[in-house]
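The values are calculated or read from the model by the stated rules, or taken from the named source; none is laboratory data. In this text the structure is predicted, and so the values were computed from the model without any measurement. Glycine gets a Cβ as well: all are built from the backbone with ideal geometry, and neighbour counts include every protein chain shown. Remember, those area values only see protein heavy atoms, side chains included, never the ligands or the DNA or RNA. Shrake-Rupley method; radii C 1.70, N 1.55, O 1.52, S 1.80 Å.
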Amino acid sequence: MKVLVVGSGGREHAMAWKLAQSPRIQQVYVAPGNGGTGKDTGLINVPITDLAQLRDWVLAQNIDLTLVGAEAPLAAGIVDDFRAHGLRIFGPTQAAAQLESSKAFSKAFMQRHGIPTAEFETFTDTALAHAYVDRKGAPIVVKADGLAAGKGVVVAMTLAQAHDAIDFMLTDTTLGVAHNLGGARVVIEEFLQGEEASFMVLCDGKHVAALATSQDHKRLLDADEGPNTGGMGAYSPAPVVTAEVHARAMREVILPTIRGMEKDGIVYTGFLYAGLMIDPQGRIKTLEFNCRMGDPETQPILMRLKSDFLEVLLAATSEGLDNYEMAWDRRVALGVVMAAAGYPMNPRKGDPISGLPKDSDEAMVFHAGTIEKDGQMLTSGGRVLCVTALADSLRQAQQKAYQTASPIAFDGMQMRKDIGFRALKN
């Protein structure tokens, strides 16, 4: 079979790498891919980003399955378009992808269907947003309504930070948010305390199969300091997701979401990611939805997947997930992100990368913001690499990941030194 993965990040590199291991695979293509997928002899980059051109290419090449890794093509309706042309594709429709592409849509959806989430209000008017923050006080959370590559959330610990975030998100254009209809909006919600976890499932339109649990680190700096990012590292499994929390997440969040979408006239297919806040009593609230696998959680999750990823996706695109069981490596996987100078707001591009080690079954360097030029690997985005290792314990996986990352260098590189600290502390 010939398979296409759509996207250019570390998540897509991991997906393509895992798919290429299937004995039924003839060729895996990545569009547009990155320096790492281009260098991998088992993968072929397709330098097409226009969705209509990509669909025509898929038709011409007789691609058997398309897997959409990135959020922007989903929000743009790639699934609707491909299906209209008789193509097999895994992902949510444009209407379903609003769960991620619009914070205002997802919060109203959760409120309507009784899915636990933080108290919130949505604003387009700057003065009203400022007045709401003054009334509620800090800490408080301000979110841009629209796709912002994981950078559209400010956890404001002071009123000044909240007011700055409102001004920035409603009046400034430098964040690069893909605004929804009606222009710039912010969702302002209560600050929740507890521990975050990423809960991901596949949905075939009727049935749901849960992926291995994971936890990522959103803040740029050690000890969860600094600005929010798209994620600076992750590990799987997440000890905070106990069997009780897992059952509660399925019962209170995942299944009501799938059923709620159906009640609203939308059949949900694809990955569904619920960002959960878990309090000390094991109660959960939904922070956000994503309509694809998380990045960097995908890298450790797929390192642990023992099932044939192609077979999983074929089941998911044929309503075959009923009672589907994926097999997982009992070991722990941990990934460390190496980010560019200036990330998250102004990442620098074009810095040469040196010291890239050889990949192995237990240590992989997944590329994200990289490009190969004249035989030299260069930075080309905010999160550059995710060094991911598999070992018998979390501490060993952490040590192996950092050892693998140690020879890698590029000017201005940013890397947290404490990925996994919460689980180790607990």
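Inter-label distance, Q26 to A409: 4.6 nm, where each label sits 7 Å from its Cα along the C-beta direction.
Can you give the accessible area per residue of the chain, in Å², using a 1.4 Å probe?
Numbers: 16900 Å² over 426 residues.
Heavy-atom accessible area per residue stands at 40 Å².
How about region 189-268: which trypsin sites (Lys or Arg not before Pro) there are in a DSSP loop, with at most 16 other Cβ atoms within 10 Å of their Cβ? Mind showing how you got there, number by number?
Details: sites: K206, K218, R219, R248, R251, R259, K263; in loops: K206, K218.
In loop regions of region 189-268 (DSSP not H, G, I, E or B), the sparsely surrounded trypsin sites (Lys or Arg not before Pro) are K206.
Considering only N290, N346, N228, the Gaussian network model of the chain with Cα springs below 10 Å gives its largest mean-square fluctuation to N346.
The label point for R135 and the one for T158, both projected 7 Å from the Cα toward the Cβ, are 2.5 nm apart.
Suppose a student asked you for the relative contact order of the chain, using Cα pairs under 8 Å spaced at least 6 residues apart; what percent would you report? Could the numbers behind the result be given before it?
Values: 994 pairs, mean separation 69.3, N = 426.
The value is 16 percent.
To the nearest 20 debye, what is the magnitude of the charge dipole of the chain about its Cα centre, counting +1 on the Cβ of each Lys and Arg and -1 on the Cβ of each Asp and Glu?
The calculation lands at about 460 debye.
Counting only protein heavy atoms and using a 1.4 Å probe, what share of the accessible area of the chain belongs to carbon plus sulfur, as a whole percent? Within the chain, the accessible surface is 49 percent carbon and sulfur. Label zone of E121 (point 7 Å out along Cα→Cβ, amide N under 20 Å): in region 183-199 this covers 183-192.
Estimated from the Cβ-Cβ distance and a Förster radius of 51 angstrom, the FRET efficiency linking S307 and Q53 is about 0.95.
Label region 247-298 by shape, choosing from rounded, prolate and oblate, from the square roots a ≥ b ≥ c of the eigenvalues of the Cα gyration tensor; if a/c is under 1.5 it is rounded, and otherwise prolate applies when a/b is larger than b/c, oblate when it is not.
Numbers: a/c = 2.62, a/b = 1.27, b/c = 2.06.
Because a/c hits 1.5 or more and a/b fails to exceed b/c, region 247-298 counts as oblate.
Hey, what D do you get for the chain in µm²/s if you plug the Kirkwood alpha-carbon radius into Stokes-Einstein at 10 °C and 1.306 mPa s? Don't skip to the end; give the middle numbers.
On the way: Rh = 21.7 Å.
It comes out at roughly 73 µm²/s.
Specify the residue with the greatest mean-square fluctuation among G260, G86, G320, computed from a Gaussian network of the chain linking alpha-carbon atoms under 10 Å apart. Largest GNM mean-square fluctuation: G86. Note on K358 and M250: the model spin-label points, each 7 Å out from Cα along the C-beta direction, lie 4.2 nm apart.
In nm, what is the difference between 0.36 nm times the number of residues separating Q111 and D222 and their Cα-Cα distance? Display every interim value, and only then the final one.
Values: separation 111, 0.36 × 111 = 39.96 nm, distance 3.44 nm.
In short, 36.5 nm is gained.
A viscosity of 0.692 mPa s and a temperature of 37 °C, combined with the Kirkwood radius over C-alpha pairs in the Stokes-Einstein formula, give region 184-307 a diffusion coefficient of 215 µm²/s. Separation of the alpha carbons by more than 22 angstrom is noted, of K400/K425; K206/K263; K39/K417; K103/K425; K218/K417; K2/K39, for K39/K417; K103/K425.
Once R0 is set to 30 Å, what does the formula 1/(1 + (r/R0)^6) return for the Cβ-Cβ distance between D172 and Q376, expressed as a FRET efficiency to the nearest 0.05? Intermediate results must be reported in sequence, preceding the final value.
Details: r = 35 Å, r/R0 = 1.17.
Result of the calculation: an efficiency of 0.30.
Across region 284-369, the relative contact order, built from alpha-carbon pairs under 8 Å that are at least six residues apart, equals 26 percent. In terms of overall dimensions, the C-alpha atoms belonging to region 40-127 reach 50, 27, 25 Å along their principal axes, ordered largest to smallest.
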